[in-house]
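Down below is the structure, laid out as structure tokens.
The values are calculated or read from the model by the stated rules, or taken from the named source; none is laboratory data. Being a predicted model, the structure only gives us computed values, none of them experimental. With ideal geometry, Cβ positions are generated from the backbone for all residues, glycine too; neighbour counts draw on all protein chains shown.
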């Protein structure tokens, strides 16, 4: 049954911690999955969280750490000695261990590494720390199962048993040559049914071998695993030597991080922030886009001031300014969101992009006709037929232009390696506000003959 964290449960736990009732805690908390324990710790104050963490079994403490919110994890680690951190690292997969100490200073990392008793574990962590965090090398883990191509089945089984002691989850058996170059994959089923003296070279699969280089971008790795429905993917160096693997759980984290980053970017937040980030950090992340909005407001004011005489002569023109700017912004964001989704999925071939542009233009055309007809009737009743024509023609024109800009801008940003998610936020909204105002007031002046 799935665990549900309730207020009553937290109240009982806090009482048990206050009374030092370790038996209740072991029965009702420590028997849970480590992810649930991490969720509980996130709801406690720091002192109680550390107390609960210390009571957890050592075999799951590392997993609990990795499930905590990043800020809380860093805060908790700071309370550990270097020896305690080193002990935790030895219990984790190499990729998680490297992530755990990646935020420490160089001196602290060296001190922690020196405390690790297993030299192979220390070497793996040091190796992973040399890769950029947003590459396949920084994402991979060093624990995997491999078989030499010239091994007979009986020796292969013995060797795989030894390797499996260090690997928590076995997804794939990789086949390599004497120089450790990746050749293909070995099916567990074929291994189980083969005779003891059959060579691995007669059993392995060398067709459609999908791998990534250590320098590959995390997003490209995620797209590749999604495309081919992979639960793990081997990582090779420039000489095609097998150096690690990336598993689906790490790729899911990448996808979630990218989705969160794009959402924040579309909301006008330029840095990754959490709800518990400092006021200064949150202000700094929002300020660039607020300044763009401020600049857009100033430009809009300039546009309106340029048509001051026309607005003074026909005051009813001012009543529909909010409508024009709002519709332009909404249409632009809708169009850009569709294109950004397409780019995120890797649908960037010319034919596919052209179809997107054509479809968005047709959608804008249809929506423009319908909305313009509706607003014409309203403006006609509100003031006059002339105002109805001005507002309806302006709205139609603004919708078409907004759809075009909303489609083209993310494509242009992507071409110059700028995150296209920028186009779904304040940037395109501000642009369409200024453009929409200029179109509306220009058409108004011309049709009223002012």
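Is it the case, given these coordinates, that residue 435 is without any contact (Cβ under 8 Å) to a residue 60 or more places away in the chain, closer than 26 Å to residue 354 by Cα and either assigned to a helix (DSSP H, G or I) or assigned by TED's automatic domain parsing to the domain that holds residue 336 (or both)? Spelling it out, it is not the case that residue 435 is without any contact (Cβ under 8 Å) to a residue 60 or more places away in the chain, closer than 26 Å to residue 354 by Cα and either assigned to a helix (DSSP H, G or I) or assigned by TED's automatic domain parsing to the domain that holds residue 336 (or both). Can you find a residue in region 161-170 that is in a loop (DSSP other than H, G, I, E, B), free of Cβ contacts under 8 Å to residues at least 12 places away in the same chain, in contact with a helix residue (DSSP H, G or I) (Cβ under 9 Å, 6 or more places away or on another chain) and within 29 Å of residue 209 (Cβ to Cβ)? No: zero hits. The condition of being outside the structural domain of residue 169 (by TED's automatic domain parsing) and free of Cβ contacts under 8 Å to residues at least 40 places away in the same chain holds for only one of 70, 110, that being 110. Return yes or no: is residue 23 loosely packed, with under 12 Cβ neighbours inside 10 Å and either touching a residue at least 40 places away in the same chain (Cβ under 8 Å) or within 21 Å of residue 84 (Cα to Cα) (or both)? So residue 23 does not fit the description; no.
Exactly one residue among 374, 400, 393, 409 is within 22 Å of residue 437 (Cβ to Cβ) and buried (at least 21 other Cβ atoms within 10 Å of the Cβ), and that residue is 409.
Condition check ((1) at pLDDT below 90; (2) assigned by TED's automatic domain parsing to the domain that holds residue 127; (3) assigned to a helix (DSSP H, G or I)) across all residues:
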position: 192; (1), (2), (3): yes, no, yes
position: 195; (1), (2), (3): no, no, no
position: 210; (1), (2), (3): no, no, no
position: 215; (1), (2), (3): no, no, no
position: 221; (1), (2), (3): no, no, yes
position: 235; (1), (2), (3): no, no, no
position: 242; (1), (2), (3): no, no, no
position: 259; (1), (2), (3): yes, no, yes
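Here residue 450 meets each of (1) part of a helix (DSSP H, G or I); (2) at pLDDT below 80 with one exception, condition (1). Within region 220-233, residues that are in contact (Cβ under 8 Å) with a residue 24 or more places away in the chain sit with their Cβ atoms under 6 Å from residues that are surrounded by fewer than 21 Cβ atoms within 10 Å (Cβ to Cβ), at 6+ positions apart or across chains, in these pairs: 222/254; 222/255; 223/346; 231/171; 231/248; 232/171; 232/172. Being closer than 28 Å to residue 447 by Cβ, modelled with pLDDT under 85, crowded, with 17+ Cβ neighbours inside 10 Å and in the same structural domain as residue 319 (by TED's automatic domain parsing): is that true of residue 429 here? For residue 429, the condition - closer than 28 Å to residue 447 by Cβ, modelled with pLDDT under 85, crowded, with 17+ Cβ neighbours inside 10 Å and in the same structural domain as residue 319 (by TED's automatic domain parsing) - is met. Checking each residue in region 5-21 for being under 17 Å from residue 37 (Cβ atoms) and not in a helix (DSSP H, G or I) picks out 5, 6, 21. Number of residues in region 204-226 that are in contact with a strand residue (DSSP E or B) (Cβ under 8 Å, 6 or more places away or on another chain) and under 30 Å from residue 257 (Cβ atoms): the value is 14. Within region 104-124, identify whether any single residue is modelled with pLDDT under 85 and either assigned to a loop (DSSP other than H, G, I, E, B) or under 22 Å from residue 59 (Cα atoms) (or both), and answer yes or no. So far as region 104-124 goes, yes, one or more of its residues are modelled with pLDDT under 85 and either assigned to a loop (DSSP other than H, G, I, E, B) or under 22 Å from residue 59 (Cα atoms) (or both). Kindly indicate which of 189, 201, 197 is over 20 Å from residue 240 (Cβ atoms) and out of contact with any strand residue (DSSP E or B) (no Cβ under 7 Å at 6 or more places or on another chain). The unique qualifying residue is 189.
Screening region 268-297 for residues that are modelled with pLDDT under 65 and surrounded by 14 or more Cβ atoms within 10 Å (Cβ to Cβ) and picking the one that is farthest from residue 73 (Cα to Cα) gives 268.
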